[in-house]
């Protein structure tokens, strides 16, 4: 057995000497979200709609890989959550896999092996795809669903950094609101539940749900097969596979599409109801409420009329499907809102009529009322089983990292056939107030998990006053998630596969002064929480090889990378409050000095 091989033993990870291993991880790398050729960082409009792309060179070049991996090893990390996207694998079209990118990825993994990392693979997505404001799925998936990405801007089907009028002024964290806009709502609804809610959406003789899921799973299985065939990676360095990143339910479970659901906690910029999003996506003007984020969360700041002047987010009736060779069923009409075709609303009149405001509220087969918990235990779990079976078909002993919807109740697996002894619960956690405001507030914060679980009669009771109380609250929240995992998923390790802080706090104050006290306090509070959570490790978000102080992580204005190229070139003198310097790998990097973890030996 390889010295690096890792196994799951109940709630712990064990190495071949039966020592308990704590995974001290980092996400590598945020650069993998966007293509290398052309170089499509999220603030670049030129060639944004180019479909002939390549991810060879992401997350970094083979020539530079040693520098990055040595740096991460010097900083004490033993684990990598390896980011890749479905788009990187299958961007050219259905079942056309990028063999050059796969060869390149195998080369990167072989270099990582030399540094004794444990690696698990992360099929990453954010708000479905780059074309809808995030990362993940290939462009052709939007065309397959009948959507036209070039019309997303004017219809606000997605708010995309690349097409924003002034990318430098793209509002912070606005990209997250795409989860509740037309493109992303439609794609996730079709991906999970097209058979139930869009039975007319037939392509190549199968429902769009089966079409999308089967291609995603087959692409990941193909990559797993190539890694398996490499002969020196599976088990030695690639110890597991995570399920799709941050799954979202789309419209499933929305009780009334004419109002904002109570569970939609984030509102920024324009905030359409699902029905308003359908109307604007069909070329009709709507007056929308607008929201800003203040000291105590989102607040309504006004209204704005969005008028696409007849432009639709849907492909025109003249669109020819020949490009990708699929056959669309005649019952699925292009040039018309898919949801209108299914009787959700009447688009035939000048004054649109909502016909079924509760269309997505129940399972049409069983009549069961749907919510996030039911979504997780049905639609998500059905997909996870198929994905797990495909990966295990290739890598029979690999560890599966099951990632349910973020911050929601995990699926009820304990004591069921899905209670897989070789499974890990992969959870995400962010200090939302710090992330959204890009400010470490020492005076107050919120117990967001307590709010979501109904612990408080009113949000005011969730406010925690003072830095000591804030730190304890973060620790209690992570500990609660760990205990909740044991209760619902069973006797498995829990890994926080994303947790992190923004570094461009307070309008990039630290970059101008060298004073990183706020970042140090925020990162220390997060690690204090991890240490008290009883979790089996973490993968910090994120390492970005091309991070700089102007554009941060080169993606949607985020700046969470523990490393920045700009720090290597910094002329700001070091101070007692600057970040730690590493003379062997870099200087003045973002890394915050915190207490590490150690492997502990036990009797075999």
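Per DSSP H run of at least 4 residues, take -39500 (n - 2.57); add these up for the chain, divide by its residues and hand me the 222 nm value, nearest 500 deg cm²/dmol.
Working: 17 runs with 173 residues, N = 604.
When only DSSP H runs of four or more count, the value is -8500 deg cm²/dmol.
Quote to one decimal, in nm, the extra length available between residue 368 and residue 307 on full extension: 0.36 nm per residue of separation minus the C-alpha distance between them.
Numbers: separation 61, 0.36 × 61 = 21.96 nm, distance 3.70 nm.
Once the chain is fully extended between residue 368 and residue 307, it gains 18.3 nm.
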Original post:
Quick one: helix 381-394 against the long Cα principal axis of the chain, what's the angle to the nearest 10°, folded into 0 to 90?
Top reply: 60
Subject >> Computed over the chain: relative contact order in percent, which uses C-alpha pairs under 8 Å that are six or more apart >> reply: 17
Subject >> Whether the stretch 416-566 is rounded, prolate or oblate, judged on the alpha carbon gyration tensor where a/c under 1.5 counts as rounded >> reply: oblate
Subject >> Spin-label pair residue 169/residue 491, simplified geometry with 7 Å Cα→Cβ offset, distance in nm >> reply: 6.0
Original post:
Using the Cα gyration tensor of the stretch 459-519, with a ≥ b ≥ c the square roots of its eigenvalues, what is the shape: rounded (a/c below 1.5), prolate (a/b larger than b/c) or oblate (neither)?
Top reply: oblate
**OP:** Could you tell me what % of all Cα pairs in the chain have separations over 37 Å?
**Re:** 31
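Evaluated at 25 °C with a viscosity of 0.890 mPa s, what Stokes-Einstein diffusion coefficient in µm²/s does the stretch 1-68 have when Rh comes from the Kirkwood expression over alpha-carbon pairs?
Values: Rh = 15.3 Å.
Result for D is 160 µm²/s.
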Original post:
How high is the relative contact order of the stretch 302-378, in percent, counting Cα pairs under 8 Å that sit 6 or more residues apart?
Top reply: 16
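Determine, from the Cβ-Cβ distance of residue 19 and residue 114 and an R0 of 25 Å, the FRET efficiency 1/(1 + (r/R0)^6), rounded to the nearest 0.05. Numbers along the way, then the final one.
Details: r = 22 Å, r/R0 = 0.87.
Efficiency for this residue pair is about 0.70.
Take 463, 108 and order them by how many other Cβ atoms sit within 10 Å, fewest up front. Walk me through the numbers on the way to the answer.
Details: 463 16, 108 20.
Ascending number of Cβ neighbours within 10 Å: 463, 108.
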Original post:
By how many degrees, 0 to 90 and rounded to 10, does the Cα axis of helix 99-113 deviate from the longest principal axis of the chain?
Top reply: 30
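Order 291-297, 29-35 from most to least packed using the mean count of other Cβ atoms within 10 Å. Please report the intermediate quantities before stating the final value.
Working: 291-297: 14.6, 29-35: 25.4.
In decreasing order of mean packing, 291-297, 29-35 become 29-35, 291-297.
Between residue 472 and residue 292, how high is the FRET efficiency from 1/(1 + (r/R0)^6) when r is the Cβ-Cβ distance and R₀ = 30 Å? Nearest 0.05.
Working: r = 30 Å, r/R0 = 0.99.
Calculated transfer efficiency: 0.50.
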Subject >> Average Cα contact separation per residue, the stretch 9-139, under 8 Å, 6 or more apart, as relative contact order % >> reply: 26
Original post:
Can you sort 304, 498, 546, 318 so the residue with the fewest Cβ neighbours within 10 Å comes first?
Top reply: 318, 304, 546, 498
Subject >> Contour excess over end-to-end distance, with Cα ends at residue 195 and residue 263 and 0.36 nm allotted per residue >> reply: 22.0 nm
Original post:
What order do you get for 457, 474 when you list them from fewest to most C-beta neighbours inside 10 Å?
Top reply: 457, 474
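Which shape class applies to the stretch 326-377: rounded if a/c is under 1.5, otherwise prolate when a/b exceeds b/c and oblate if not, where a ≥ b ≥ c are the square roots of the Cα gyration tensor eigenvalues?
Values: a/c = 3.01, a/b = 1.45, b/c = 2.08.
Here the stretch 326-377 falls in the oblate category.
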**OP:** Measure nothing fancy, just the Cα-based angle from helix 208-230's long axis to the longest principal axis of the chain, in degrees from 0 to 90, nearest 10.
**Re:** 30
Original post:
Mind listing P(r) for the stretch 110-241? All alpha-carbon pairs, 5 Å bins, whole percents.
Top reply: 2, 10, 16, 17, 14, 12, 11, 11, 6, 1, 0
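None of the figures in this text is laboratory data; all of them are computed from the coordinates on show. None of these values were measured; they are calculated from a predicted model. Please note: Cβ atoms are built from the backbone with ideal geometry, for glycine as well, and neighbour counts cover all protein chains shown.
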